[in-house]
1. Roughly how many debye, to the nearest 20, is the charge dipole of the stretch 302-395 about its Cα centre, given +1 on each Lys and Arg Cβ, -1 on each Asp and Glu Cβ, and no other charges?
2. For residue 94, which aspartates and glutamates qualify as cross-link partners when the Cα separation must be under 17 Å and same-chain residues fewer than eight apart are set aside?
3. May I ask you to derive the FRET efficiency for residue 90 and residue 49 from their Cβ-Cβ distance with R0 = 22 Å, giving the value to the nearest 0.05?
4. Cross-link partners among lysines for residue 118, C-alpha distance below 21 Å, same-chain residues fewer than 8 apart left out?
5. As I understand it, the dipole of the chain uses +1 on the Cβ of Lys and Arg and -1 on the Cβ of Asp and Glu, about the Cα centre. Which of 228, 316, 131 lies farthest toward its positive end?
6. Find how many whole Å separate the alpha carbon centroid of the stretch 333-394 from the alpha carbon centroid of the stretch 131-203.
7. Just want to confirm a number: the relative contact order over the chain, from Cα pairs under 8 angstrom separated by 6+ residues, in percent.
8. Taking square-rooted eigenvalues a ≥ b ≥ c of the alpha carbon gyration tensor, is the stretch 84-340 rounded, prolate or oblate, where a/c under 1.5 means rounded and, failing that, a/b exceeding b/c means prolate?
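A short reminder: the numbers here are calculations on the coordinates, not readings from a lab. Given the structure is predicted, the values throughout are model-derived calculations rather than measurements. For neighbour counting, all protein chains shown are included, and Cβ atoms are generated from backbone atoms with ideal geometry for every residue, glycine included.
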Amino acid sequence: MTVTTNATTSVSREQLLVTDVPGPESRRLHDERSHVVADGVSCVLPVYIDHATGPFLVDVDGNRFIDLGSGIGVTTIGHTNQAVVDAATEQLGKVTHTLFTVTPYPGYVALANKLADKTPGSHQKKTVLVNSGAEAVENAVKIARKYTGRRAVAALDHAFHGRTSLTMAMNHKAAPYSTGFGPLPGDVHCVPNSYPFRDGLTGEQAAARTIAHLEQRIGVSDLAALIAEPIQGEGGFVVPAPGYLNKLQDWCTANGVVFIADEIQSGIARTGTWFASELFDLVPDVILTAKGIAGGLPLAGVTGRAEIMDAAQPGGLGGTFGGNPVAVAAALAVFEEIESRDLLAESKRIGSTLTNGLHRLQQRHSSIGEVRGHGAMIAFEIVRPGTQTPLPGAASVVAEQAAAEGVLLLTAGSDGNVIRFLPNLTVTEDLLEYVLQVVDDALLILEAA
């Protein structure tokens, strides 16, 4: 397959792959893995990566893959970005760890300032840095409970918030995330969300439905927090109807409930804005970051209104590795790269190319029910042709076919019927056109089955 576009280069399968996928060395490593790595740490595509740069992953067999997943939204500004590498390397030579709650360091403060500046709203904000998205969710709930004196937390249908004990209880899907791992924590409730493609409701109608559940099935007096992904990640990049999130925020404010925006996947330039909340004119009480914040190093943040964040007593927040100096240095470089290279504009460019291309494919494939998303966070939902009925498991078929052509795609959706695109912001137009052709061919195979 060769795709020639208006760009200055052409892309072919032969330029990307030198062996079958997976290749012999990856197969050998995968056999070794089965003896030493727990089965619960599953693997979608058993190709073992040796190195990566920009939009490419290169495996141990020499195969190159166009990475449309970015480690599920982590390497937003590109693999091995030189500014990030340099910043982390310099910090490695200075201080690798002290524990901020014992002997602090300036980078933590600088990053907290940056998050206060870039998150929505002009109110005073404070931050705690932790290690992962799930840990950020846990801390946000803990802080909200302390601030309100209430216990219950509500999450939306089709949400995903993590694999820790509390976050498992907050997820929409049980399998595979919580199957057999109970009992799960109590005082966690799931309520209907806005899913325009399936429910056909306006934002106001969907919000009224959600609020009715909150009031009738939980009760305002017991509710500490409502957590929402402005654009749902694992749920299939579900974009709520206009006004939905704003109505929820207004209701939370009126009733003393902390509104938490989980921007772990949608934040840090992913949607063409610093945070997806900006797309909806939403100003959350607390906003969560992780994934793309540190260019591949483990780091996450909880940033919120000062009076909420200060509810926790001294010593109540923190952790041994939270806000590690090397990860913080990388994060500061990520923010600088986004600003100096105008990567928000690149995110919008990518979104425009993918959206336009997928709409063209939708005219050819009645199995594409909806194309949705913003910036470099785009998805399409696969349905039974000519209907709005999900085609369960279809996304895996498309992703498998794409991998054989050197394209790494991610699946999503509660029914396993959504293909999501999370490219890093260095991907070029000719690579995207190749990806679209690969998706076109994969859908033909799916529809012929």
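1. 600
2. Leaving aside aspartates and glutamates fewer than 8 places away in the same chain, those within reach of residue 94 are 86.
3. Calculated value: 0.30.
4. Partners found: 126, 291, 348.
5. Going by the charge dipole, the pick is 316.
6. Between the Cα centres of the stretch 131-203 and the stretch 333-394 lies a distance of 25 Å.
7. About 22 percent, as a whole number.
8. prolate
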